[in-house]
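So the structure is just underneath, and the comments pick up after that.
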Amino acid sequence: MNQGLLSVTSAFSRVWLRNAQVYLTLWKFNIFPALAEPILFIFVFGIGIGSYIDQMEGVPYLEFVAPGILGIAAIMQATFECTYGSYFRMRMQNTFEGIISTPVSAAEVGMAEIAWGATRGLVTSTLVLVILAFLGVFHNPSVLLLPVITLLAAFNFAAIAIIVTSRIAQMEYFHFYFAGFVLPAQFLCGTFFPISRFPEPVQVIAWIIPLTSFVDIMRSLTLARITPSLIPETVWALGSTIILTELAVRSMQRRLVE
Amino acid sequence: MIVEAKSLHKRFHDVVAVESLDLAVERGSCYGLVGPNGAGKTTTMRMIYCLNRPTSGRLSVFGLDVLKEPRRIKARLGVVPQDNNLDPDLSTCRNLEVYARYFGIGRADAATRCHELLDFMQLRDRADSPIPALSGGMKRRLVIARALVNNPELLILDEPTTGLDPQVRHLIWDRLLDLKEQGITLMLTTHYMEEAQKLCDRVLIMDHARAVAEGSPTELIREHVSPYVLELRAGRTLNAHITSRFGHMEHRSSGQNLYFYGGSPDEFDDLLAAYSQMERLLRPSSLEDVFLKLTGRDLRL
């Protein structure tokens, strides 16, 4: 039997549609709370702390942190959806078991959950993007490419979350994941200041976490600064997403079909 | 054969769930798996609907290998799992429609099918109810309706009526017999021997991961127990007294009760005359007697 990503057919979209259908009936509960954190970041860092910082890397602070706030909005939404959300569907509601008793495979369920987490990340980060645009942060047409990057960043973190979700025996392990990885990633990845401030070993760790590449790519789009470092960053952003998705899909397969 | 297993094994880490199992289910028949908790019934069913992978042996459904063609197999069967796994985020009718979509059934066909099935399972008035508002019996009927959404050739039911009231149980039995009449093959597990006896053409008794006996309910009764049973509720002290007098007859004692077995009702005449005051029941043997004889009365801990 084919395994992993190669075995995934378009049947995964049927599960994605199920999630979308549920989301739309509850959209009020889903959209506004998700915007609270990014809006808080805009006020606290961009406008609050930002008023004490003249410039960072030659631009007003809010313009510097805007890609960081966008990246965080995308990955946090995807992470919540594919940790607690997916775990709830898998373990508490047994929804996945019902689904894989049909022609839809476990790998397709994994793929659908990742795609759905990515979709939610895209929705939230796009709303944040609109708010930032109203604040006059963007000056270059290249910002129109930002949703592509936030979608990919959300996809990447959704895949990491599914790897965790499909491996843990109880929900409490998510505490370690959030404290040990998600929270540090939010602040270590060049979101609020350049990672060149860190000692070398920490910089290496930051570059391994794909969010650093995503934020840097977004920053070069918002500031219209094209540098050679974009090439390895893009390769790592895309490559890690594919590798992580493959691992996540296989992991879900192992979890659901013993 | 719709389902065929040859020396089927399933191991979870170091636990053997199913061992050397052979079974064959004929098209259009109803096949029952019975056995104490932990005997391996659910694992066997889950291997058939491709949610557990056999460790060794051969298992084919519709002539297709479960390891190679799970998608084609699952497209043609319906599953009623032991625990209801309805989608609590969707209403009754949406549950069926969304489930139909997993089979690739189009929106219009799904809507028609949804109404047919809600009628069939007498849930028509509940089409828009949220799942948590349904009673246990309604949920079970809805799970059965959902399993029929793709017009399956084989319907797998893992304890379809456990914990339900007699009205719902009889409704479900009626519907299952309707389905059988339509030519659908049924496979079920149950703890109710009455259910197995009523519905099943063949029954497989499992214990400790293995098959213990197989046959039609009447064959099993004929082969393994005497045709009649006399149950006496004598109490522990009297039990010893009775067995000292009638110990030559085939009997078994179990706590407060004594069971005597005989080929015809008049074999019990002397016994009944001697203890005419005692609470007693003379009845034909049932599948339950076979079950208890073959799997013992000990609780599974």
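The condition of being at pLDDT below 90 and crowded, with 20+ Cβ neighbours inside 10 Å does not hold for A:Ala78. The combined condition, being within 12 Å of chain A (Cβ to nearest Cβ), surrounded by fewer than 16 Cβ atoms within 10 Å (Cβ to Cβ) and either among the aliphatic types (A, V, I, L, M) or on the phi > 0 side of the Ramachandran plot (or both), is not fulfilled by B:Gly163. Annotation note: of B:Leu117, B:Leu155, B:Leu142, B:Leu164, the sole residue that is assigned to a strand (DSSP E or B) and more than 20 Å from A:Phe12 (Cα to Cα) is B:Leu155. Name the residue that is surrounded by the fewest Cβ atoms within 10 Å (Cβ to Cβ), counting only residues in segment A:1-24 that are among the hydroxyl-bearing types (Ser, Thr, Tyr) and closer than 19 Å to B:Ile73 by Cα. Ranking the candidates gives A:Ser10 first.
For every residue, the table says whether it meets (1) more than 22 Å from A:Tyr87 (Cα to Cα); (2) without any contact (Cβ under 8 Å) to a residue 12 or more places away in the chain; (3) within 18 Å of the chain's Cα centre (by Cα).
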| position | (1), (2), (3) |
| --- | --- |
| A:Ala169 | no, yes, no |
| A:Glu172 | no, yes, no |
| A:Gly190 | yes, no, yes |
| A:Ile195 | yes, no, no |
| A:Pro201 | yes, yes, no |
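Would you be able to tell me the number of residues in segment B:11-42 that are in contact (Cβ under 8 Å) with a residue 60 or more places away in the chain, assigned to a strand (DSSP E or B) and more than 20 Å from B:Glu195 (Cβ to Cβ)? Within segment B:11-42, residues that are in contact (Cβ under 8 Å) with a residue 60 or more places away in the chain, assigned to a strand (DSSP E or B) and more than 20 Å from B:Glu195 (Cβ to Cβ) number 7. Candidates A:Thr124, A:Thr102, A:Thr95: the one that is over 26 Å from B:Phe103 (Cβ atoms), crowded, with 23+ Cβ neighbours inside 10 Å and among the hydroxyl-bearing types (Ser, Thr, Tyr) is A:Thr124.
Among B:Asp83, B:Asp65, which is within 11 Å of chain A (Cβ to nearest Cβ), surrounded by fewer than 16 Cβ atoms within 10 Å (Cβ to Cβ) and over 22 Å from A:Ala107 (Cα atoms)? Talk me through it step by step, then tell me what you get.
Numbers: B:Asp65 fails: over 22 Å from A:Ala107 (Cα atoms).
Answer to the selection: B:Asp83.
Mind checking which strands (runs of 3 or more DSSP E) fall wholly inside segment B:188-253 and carry at least 2 residues that are closer than 30 Å to B:Met278 by Cβ and among the hydroxyl-bearing types (Ser, Thr, Tyr)? Talk me through it step by step, then tell me what you get.
Working: elements: B:202-207, B:210-215, B:228-233.
In segment B:188-253, there are no strands (runs of 3 or more DSSP E) which contain 2 or more residues that are closer than 30 Å to B:Met278 by Cβ and among the hydroxyl-bearing types (Ser, Thr, Tyr).
In segment A:13-132, counting only helices (runs of 4 or more DSSP H) that sit wholly within it, the ones holding 1 or more residues that are more than 14 Å from chain B (Cβ to nearest Cβ) span A:27-41, A:61-80.
State yes or no: is B:Tyr49 without any contact (Cβ under 8 Å) to a residue 60 or more places away in the chain and at the interface with chain A (Cβ under 10 Å from one of its Cβ atoms)?
Values: without any contact (Cβ under 8 Å) to a residue 60 or more places away in the chain: no; at the interface with chain A (Cβ under 10 Å from one of its Cβ atoms): yes.
Taking the combined requirement at face value, the residue does not satisfy it.
Against the condition over 18 Å from the mean Cα position of the chain (by Cα), crowded, with 23+ Cβ neighbours inside 10 Å, on the phi < 0 side of the Ramachandran plot and touching a residue at least 24 places away in the same chain (Cβ under 8 Å), how does A:Leu132 come out, does it pass? Taking the combined requirement at face value, the residue satisfies it. Residue count for segment A:57-72 satisfying the condition of being of a type outside the set (A, V, I, L, M) and closer than 14 Å to A:Thr212 by Cβ: 3.
What residue, of B:Phe268, B:Phe291, B:Phe260, is surrounded by 15 or more Cβ atoms within 10 Å (Cβ to Cβ), assigned to a helix (DSSP H, G or I) and in contact with a Leu (Cβ under 6 Å, 6 or more places away or on another chain)? Give the derivation first.
Values: B:Phe291 fails: in contact with a Leu (Cβ under 6 Å, 6 or more places away or on another chain); B:Phe260 fails: assigned to a helix (DSSP H, G or I).
Exactly one of B:Phe268, B:Phe291, B:Phe260 is surrounded by 15 or more Cβ atoms within 10 Å (Cβ to Cβ), assigned to a helix (DSSP H, G or I) and in contact with a Leu (Cβ under 6 Å, 6 or more places away or on another chain), namely B:Phe268.
Could you tell me whether any residue of segment B:43-61 is outside any helix (DSSP H, G or I), among the aliphatic types (A, V, I, L, M) and more than 21 Å from A:Phe88 (Cα to Cα)? Break it down into steps so the answer makes sense when it comes.
In the first step, residues of segment B:43-61 are kept if they are outside any helix (DSSP H, G or I); the result is B:49-61.
Narrowing further to those that are among the aliphatic types (A, V, I, L, M): B:51, B:59, B:61.
Imposing the further condition that a residue be more than 21 Å from A:Phe88 (Cα to Cα) reduces the set to B:59, B:61.
Yes, there is a match, as at least one residue in segment B:43-61 is outside any helix (DSSP H, G or I), among the aliphatic types (A, V, I, L, M) and more than 21 Å from A:Phe88 (Cα to Cα).
Take B:Asp89 and tell me if it is part of a strand (DSSP E or B) and of a type outside the set (Ser, Thr, Tyr). It is false that B:Asp89 is part of a strand (DSSP E or B) and of a type outside the set (Ser, Thr, Tyr).
Yes or no: B:Cys93 in contact (Cβ under 8 Å) with a residue 24 or more places away in the chain, over 24 Å from the mean Cα position of the chain (by Cα), over 18 Å from B:Ala209 (Cα atoms) and more than 10 Å from chain A (Cβ to nearest Cβ)? When the stated conditions are applied, B:Cys93 passes them.
The values are calculated or read from the model by the stated rules, or taken from the named source; none is laboratory data. Quick caveat, the model's predicted, so the values are computed rather than measured. Note that we place each Cβ from the backbone using ideal geometry, even for glycine, and neighbour counts take in every protein chain shown.
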